[in-house]
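Asks: Next up is a structure, given as structure tokens.
We did not get these values from a lab; they are worked out from the coordinates using the rules stated. Everything numeric in this text was worked out from a predicted model, so none of it was measured. FYI the Cβ positions are ideal-geometry reconstructions off the backbone, even for glycines, and counts take in every protein chain you see.
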Amino acid sequence: MMRKAMTVMEILVAARALIGVREHWCIGTLAETKLGRHTDPCSPAARSWCAVGALTKVTPVRHGAERLAAEELLDAAAEGLFGRSAASVNDYLGYAYVMQIYEAAIAAAHKLEDAQ
């Protein structure tokens, strides 16, 4: 059975939910194991993800149009709010700021869906 492609908003909501518990969020790498070792975001051993790694985890096909659009909205939210990329917000500003950029990106995705 083929799984339905996720919308941009569904990707952003799923990624935010993945790191919605602070213990499931990390800095300096896309993902970490339970022991704090770097790993691929799609690895079964991954237990925490950065803002961008969470997008990768929920959409393992990295070059899908929806995945790229979700990352663009996240970066645009980060640039608009803090003048930085999403990765920079993740690594240098911290968890609360990551949640803010996700909320802004989800709101932007909602507006785009309503406009269609």
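Asks: What size of dipole, in debye to the nearest 20, comes out for the chain about its Cα centre when the only charges are +1 on Lys and Arg C-beta atoms and -1 on Asp and Glu C-beta atoms? Could the numbers behind the result be given before it?
Replies: On the way: 12 positive and 13 negative charges, 90 e Å.
Here the chain has a charge dipole of around 440 debye.
Asks: Counting other beta carbons within 10 Å of each residue's own, what order do T33, T59 fall into, fewest first? Present the calculation step by step, with values, prior to reporting the outcome.
Replies: Numbers: T33 15, T59 23.
Least crowded to most crowded, the residues run T33, T59.
Asks: Right, another one. How far apart, in nanometres, would the label points at Q100 and S88 be if each is projected 7 angstrom from Cα along the Cα-to-Cβ direction?
Replies: 1.5 nm
Asks: In addition: So what's the convex hull volume per residue for the Cα atoms of the stretch 8-115, in Å³?
Replies: With only Cα atoms used, the stretch 8-115 gives 81 Å³ per residue.
Asks: Please give the FRET efficiency for H24 paired with D114, using the beta carbon to beta carbon distance and R0 = 25 Å, rounded to the nearest 0.05.
Replies: Working: r = 30 Å, r/R0 = 1.19.
For H24 and D114, the calculated efficiency is 0.25.
Asks: Rounded to the nearest 500 deg cm²/dmol, what is the calculated helix-only ellipticity per residue at 222 nm for the chain, with -39500 (n - 2.57) per DSSP H run of length n ≥ 4?
Replies: That calculation yields -16000 deg cm²/dmol at 222 nm.
Asks: OK, next. Taking the number of other C-beta atoms within 10 Å as the exposure measure, put D40, D75, D91, D114 in order starting with the fewest.
Replies: Numbers: D40 14, D75 20, D91 17, D114 7.
Ordered from fewest to most neighbouring Cβ atoms within 10 Å, D40, D75, D91, D114 come out as D114, D40, D91, D75.
Asks: Could you run the Karplus curve 6.51 cos²θ - 1.76 cosθ + 1.60 with θ = phi - 60° over the stretch 66-75 and give me ³J(HN,Hα) per residue in whole Hz, x for Gly and Pro?
Replies: 5, 4, 5, 5, 5, 5, 5, 5, 5, 5
Asks: Okay, next question. List E66, E72 from most exposed to least, where exposure is judged by having the fewest other Cβ atoms within 10 Å. Mind showing how you got there, number by number?
Replies: Numbers: E66 18, E72 14.
Sorted ascending by nearby Cβ count, the order is E72, E66.
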